[in-house]
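These notes are about the structure you will find just below.
The values are calculated or read from the model by the stated rules, or taken from the named source; none is laboratory data. Since the structure is predicted, the reported quantities are computational estimates derived from the model, not experimental observations. Here the Cβ is made from the backbone with ideal geometry for all residues, glycine too, and neighbour counts use every protein chain on show.
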Amino acid sequence: MKFTTYQRPNLNTLMRWLFGLLCSIVLLLNSHCTKTIEDYPLEVPGIDIVFDPTDSLGVNAVNFHNNIYSNLPQGFNRIGTTTTGSGIVGVLSLSANILDAGSDDAVANAEGDNIEFYQRGSFDTFVLPDNVWSSNYAGIRKVNIFLKNIHVVPFSEAGLENRLIAEAKVLRAIFYFELLKRWGGVPIIGDTIFEYDTQIQVPRNSFQECVDYIEQQLDEAYPDLRGSNGGSPVFAAEFGRVSQGFVWGLKSRLYLYAASPLHNPSGALDKWALAADAARRFIENVNNQTFAYSLHTATATAHVNSTNVRHMSADANYATYVNRFLNIFSTRFNNEIILARMSGTNQILEQLNGPVGNQRGDLGKTNPTQNFVDAFEMRNGLEISASNSGYDASNPYYNRDPRLAGSVFVNGMPWTGRSVETFDGGLDRPQGYGNVNSTETRTGYYMRKFLTDNGNQTARANANHNFPYMRYAEILLNYAEAQNEAAGPVQQVYTAINQVRSRVGMPNLPAGLSQSQMRSRIRQERRVELAFEEHRFFDIRRWNIAGEVFASPLYGIQITRAADGRLSYNRVSVFTPYYIAPKMNLYPIPFNEMSSNRAMVQNPEWN
């Protein structure tokens, strides 16, 4: 059974479906056994086979545990895919988009794609493109089944059972956080495992109760987790698992959301201090080498070189800075990634997001906005609007923050041995501005971040594409934001944010910023550093500025080329969003959940 984006199962339906899934898992895990399905009543899921009291290695139990990780957020082009209720990718749709294509940073290349509903205010209790309610509760159910049954397995490896239990609790905390940041308070079901025929009537817990529960899960798990995913011979084998470092990272993210204006309208400083302290503890553990994390600065893969980006900067180090940034996402194992959703090498990102001018048929789904491009500073650290910034509207991409070249395909950038052409009539915009359903860019830009240039114009090549659920740069920016709100723009705030900027050769922030000025700079830094990683979409909501952001048009660029080859640039409107604040700052509870659970209370203004 498959569920489309809109036809998500309610919790009662989900219970029946998950029992069928568990049976399938049992069969897959035990295909080598001599026992057959006829040995068991069809209604029994075979828990005694998965959690085998005679298996000292716990092979099937570990496989079950590993399967829980499949419920981690998938990231990348997931909006518009067909998924199972467990969160495992089913059929990948060619209309799939990244979540941030529903923010002010990007749009889908086809008008009317599901993700656009968030910009046009078209989502409701029936139509919710990012409806992960069922998949996260499915993950919680897997954890509960695991915790109930794991103790019967006689593990011979010392400490393994405790570590698996700890990881499961952290995963359960992640699933609740993913629910919390979309809907606010949700039902906490604890260790309950509902039977397939149970009529679930569970009320919502408050936002703070959910925060407290997530914190409890993390605290209980912490002592039995590995310190970090790096710095040991088992680095590659353990990469992609939660760790003690991740616990502090998730706490910093959890407390940051709880301290933000959406959930802290009074601006209570103690909440900001709690978020700052969690991030500070992470950073201290990095500084004293307890946690083996760092900002990634390797350039093993030369995505660009000084020749093919010379039109963007005369600085000999410019290509190095761009490669540093892009290598974070193309290097399978690196110490900046705190947690990634692991996947096998594939070509999917290039197929869905690559510029459309190649013969191999890339689809160019993600089109960054001019609003986003304008957020990147000049190399001297000044905003392009500053009178003395050096910005040249006739050469708009020259001497900009190297992360622009690491995030956005602008006209003239290298790709598969050629230059990207997004001028009207060019290879990557053959029909020109205004063709909203032509499958080419609507904004004059394509997403560059995450993509690898190791194929050619006629064929793609497999590459590493692990979604970066959390990385060290975020922790530094979490700390900067929370500490600025709690104590003002003290030196520690500057130190944290300047580390992130220094990695790509950007100058330190100017001294003497006010708290408000620092707040703006931190928000801009998060926007350009964490772009397309599913932060901006929620940041503008937790900051309670989505209504303001979406009050202005989303812009693109129209580039025309004269007969002599000279280019002219004209800022053009793509469309003006529609957003009702504060109603749309939280998702509506899906209709199926409201209709099947009479104890459920809908979010404000969605009734």
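From the list R379, R460, R400, the lone residue that is surrounded by 18 or more Cβ atoms within 10 Å (Cβ to Cβ), closer than 30 Å to G112 by Cβ, among the basic types (K, R) and more than 21 Å from the chain's Cα centre (by Cα) is R460. Among the residues of this structure, I337 counts as one that is touching a strand residue (DSSP E or B) at 6+ places or on another chain (Cβ under 8 Å) and under 21 Å from L477 (Cβ atoms).
To keep it simple, each residue is scored yes or no on (1) modelled with pLDDT of 95 or more; (2) aromatic (F, W, Y); (3) surrounded by fewer than 23 Cβ atoms within 10 Å (Cβ to Cβ); (4) touching a strand residue (DSSP E or B) at 6+ places or on another chain (Cβ under 8 Å).
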site: P223; (1), (2), (3), (4): yes, no, yes, no
site: P233; (1), (2), (3), (4): no, no, yes, no
site: L250; (1), (2), (3), (4): yes, no, no, yes
site: L256; (1), (2), (3), (4): yes, no, no, no
site: A259; (1), (2), (3), (4): yes, no, no, no
site: S266; (1), (2), (3), (4): yes, no, yes, no
site: D270; (1), (2), (3), (4): yes, no, yes, no
site: L274; (1), (2), (3), (4): yes, no, yes, no
site: F282; (1), (2), (3), (4): yes, yes, no, no
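Taking first residues from segment 133-155 that are over 26 Å from P588 (Cβ atoms) and without any contact (Cβ under 8 Å) to a residue 40 or more places away in the chain and partners that are in a helix (DSSP H, G or I) and among the charged types (D, E, K, R), the Cβ contacts under 8 Å between residues at least 6 apart in sequence or on separate chains come to H151/E161. When N71, N131, N60 are checked against the criterion of being among the polar types (S, T, N, Q), over 30 Å from A551 (Cβ atoms) and modelled with pLDDT of 95 or more, a single residue qualifies: N71. Can you tell me which residue within segment 444-457, out of those that are in a loop (DSSP other than H, G, I, E, B) and aromatic (F, W, Y), is surrounded by the fewest Cβ atoms within 10 Å (Cβ to Cβ)? Out of the qualifying residues, it is F450. Being in a helix (DSSP H, G or I) and more than 25 Å from the chain's Cα centre (by Cα) is a condition met by no residue of segment 341-354. The one condition from (1) over 19 Å from V493 (Cβ atoms); (2) without any contact (Cβ under 8 Å) to a residue 40 or more places away in the chain that E284 does not meet is (1).
Look at segment 104-126: where a residue is free of Cβ contacts under 8 Å to residues at least 24 places away in the same chain and a partner is of a type outside the set (A, V, I, L, M), sitting 6+ places away or on another chain with Cβ atoms under 6 Å, you get F117/F123; F117/P129. Restricting attention to segment 461-470, does a residue exist that is aliphatic (A, V, I, L, M), in a loop (DSSP other than H, G, I, E, B) and free of Cβ contacts under 8 Å to residues at least 12 places away in the same chain? No, every residue in segment 461-470 fails to be aliphatic (A, V, I, L, M), in a loop (DSSP other than H, G, I, E, B) and free of Cβ contacts under 8 Å to residues at least 12 places away in the same chain.
For segment 388-396, the count of residues that are at negative phi, in the same structural domain as A314 (by TED's automatic domain parsing), within 28 Å of the chain's Cα centre (by Cα) and surrounded by 16 or more Cβ atoms within 10 Å (Cβ to Cβ) is zero.
Residue-by-condition table, conditions (1) touching a residue at least 24 places away in the same chain (Cβ under 8 Å); (2) over 18 Å from G139 (Cβ atoms):
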| position | (1), (2) |
| --- | --- |
| N162 | yes, yes |
| I174 | yes, no |
| L179 | yes, no |
| Q199 | yes, yes |
| R226 | yes, yes |
| E238 | no, yes |
| F246 | yes, no |
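Residues that are within 30 Å of W543 (Cα to Cα) and touching an Asp or Glu at 6+ places or on another chain (Cβ under 9 Å) occur in segment 170-182; there is at least one.
Just so you know, in segment 471-511 the residues that are without any contact (Cβ under 8 Å) to a residue 24 or more places away in the chain and among the small types (G, A, S) include one that is surrounded by the fewest Cβ atoms within 10 Å (Cβ to Cβ), and it is A511.
Residue-wise test of (1) in a helix (DSSP H, G or I); (2) surrounded by fewer than 17 Cβ atoms within 10 Å (Cβ to Cβ).
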| residue | (1), (2) |
| --- | --- |
| L513 | no, no |
| E525 | yes, no |
| R541 | yes, no |
| Q558 | no, no |
| I580 | no, yes |
| R598 | no, yes |
| W606 | no, yes |
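All of (1) touching a Ser or Thr at 6+ places or on another chain (Cβ under 9 Å); (2) at pLDDT 95 or above hold for T301 with one exception: (2). Highlighted here are the helices (runs of 4 or more DSSP H) found entirely within segment 227-317 that include at least 1 residues which are within 22 Å of M506 (Cβ to Cβ): 269-287. S330 meets the stated requirement of being within 17 Å of the chain's Cα centre (by Cα), buried (at least 17 other Cβ atoms within 10 Å of the Cβ) and not aliphatic (A, V, I, L, M). For segment 355-405, a residue qualifies if it is in a strand (DSSP E or B) and farther than 14 Å from T443 by Cβ, and the qualifying residues are M378, R400. Within the set Q491, Q483, Q457, the sole residue that is over 22 Å from P402 (Cα atoms) and not assigned by TED's automatic domain parsing to the domain that holds P265 turns out to be Q457.
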